[in-house]
């Protein structure tokens, strides 16, 4: 299945940044993380949908046991490394020595960033290695699960599109031209306009949820919408993102009801001179709107502050 392949690839890439080598390549670690995701999601679903409020405080400790078990399994795989790095920094501080600069003793990953931030914190309560490890498990969920969902949607949408063969060929060509040089000049990835256009078009046409991220009204006096509707404190507001992004509300002069992989490159190209080949379109796409640039017409991640 596409989802399984994408989840495994994303988990490896994300954890190369989060926990580093060699844990990120461990099949046992991947299986434990996958089971923790599943238990975490199912526990939350059951808790919110099927357990009455008065009983939640009594049932939740039992319901969460599988989630806690798999979190412990995941943490046990890299907590010793967190503890080792903490001790190394603490020893260096106590002896007045600078931290190592080589990649072996001071890897460039999230684990090291958190350990160093903790070691240099002015907070009198120093987090333990277990506290830091538990925090990293949550980072794992946010980084891996959201990326897996996005890229699974992208691949299934792309593969079922009538122009999938030509689109994939153009994407491979762009990747082969840029990625071999990206290790020396990471900024080159910003010139992958065809990839960026496909991602933005996918998030527009197939957002992860039909409604945008919920926003809660927290102003004590509530608020009035532009049409005069009163929303009291505690109200939740959302938009039908999928419908909005497929309608004329997303902009004028475009057929927003269809999926067009290179739409945003083509829109920039058409702004100056009509380009017909994917190479010309990619070059012309220099000024296109990026996939992560949200607006009132494009909001796969929600828009604005938590509250009004």
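Summary table below
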item	result
Conditions (1) assigned by TED's automatic domain parsing to the domain that holds residue 34; (2) in contact with a helix residue (DSSP H, G or I) (Cβ under 8 Å, 6 or more places away or on another chain); number of the one not met by residue 131	(2)
Enumeration of residues in the range 119-164 that are at pLDDT 85 or above and outside any helix (DSSP H, G or I)	160, 161, 162, 163
Residue 171 vs. criteria within 26 Å of the chain's Cα centre (by Cα), exposed (fewer than 13 other Cβ atoms within 10 Å of the Cβ) and outside the structural domain of residue 146 (by TED's automatic domain parsing)	no
Conditions (1) under 25 Å from residue 155 (Cβ atoms); (2) surrounded by 13 or more Cβ atoms within 10 Å (Cβ to Cβ); number of the one not met by residue 43	(1)
Residue within the range 236-252 that is in contact with a strand residue (DSSP E or B) (Cβ under 9 Å, 6 or more places away or on another chain), more than 22 Å from residue 301 (Cα to Cα) and surrounded by 11 or more Cβ atoms within 10 Å (Cβ to Cβ) present	no
Enumeration of residues in the range 174-189 that are farther than 19 Å from residue 290 by Cβ and at pLDDT 85 or above	176, 177, 180, 181, 184
Residue among 85, 71 that is assigned by TED's automatic domain parsing to the domain that holds residue 143, in contact (Cβ under 8 Å) with a residue 60 or more places away in the chain and touching a helix residue (DSSP H, G or I) at 6+ places or on another chain (Cβ under 6 Å)	71
Qualifying residue in the range 47-58 (condition: assigned by TED's automatic domain parsing to the domain that holds residue 7 and either in contact (Cβ under 8 Å) with a residue 24 or more places away in the chain or at positive phi (or both))	no
Given (1) in a helix (DSSP H, G or I); (2) modelled with pLDDT of 85 or more; (3) surrounded by 14 or more Cβ atoms within 10 Å (Cβ to Cβ), index of the condition residue 113 fails	(3)
Subset of the range 193-210 that is surrounded by 15 or more Cβ atoms within 10 Å (Cβ to Cβ) and without any contact (Cβ under 8 Å) to a residue 60 or more places away in the chain - its residue that is nearest to residue 247 (Cα to Cα)	205
Test set (1) without any contact (Cβ under 8 Å) to a residue 12 or more places away in the chain; (2) part of a loop (DSSP other than H, G, I, E, B); (3) closer than 19 Å to residue 132 by Cβ - residue 98 fails condition number	(3)
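The values are calculated or read from the model by the stated rules, or taken from the named source; none is laboratory data. Note that the coordinates shown come from a computational prediction; the quantities given were computed from them, not determined experimentally. Positions of Cβ are generated from backbone atoms using ideal geometry, with glycine treated the same way; all protein chains shown enter the neighbour counts.
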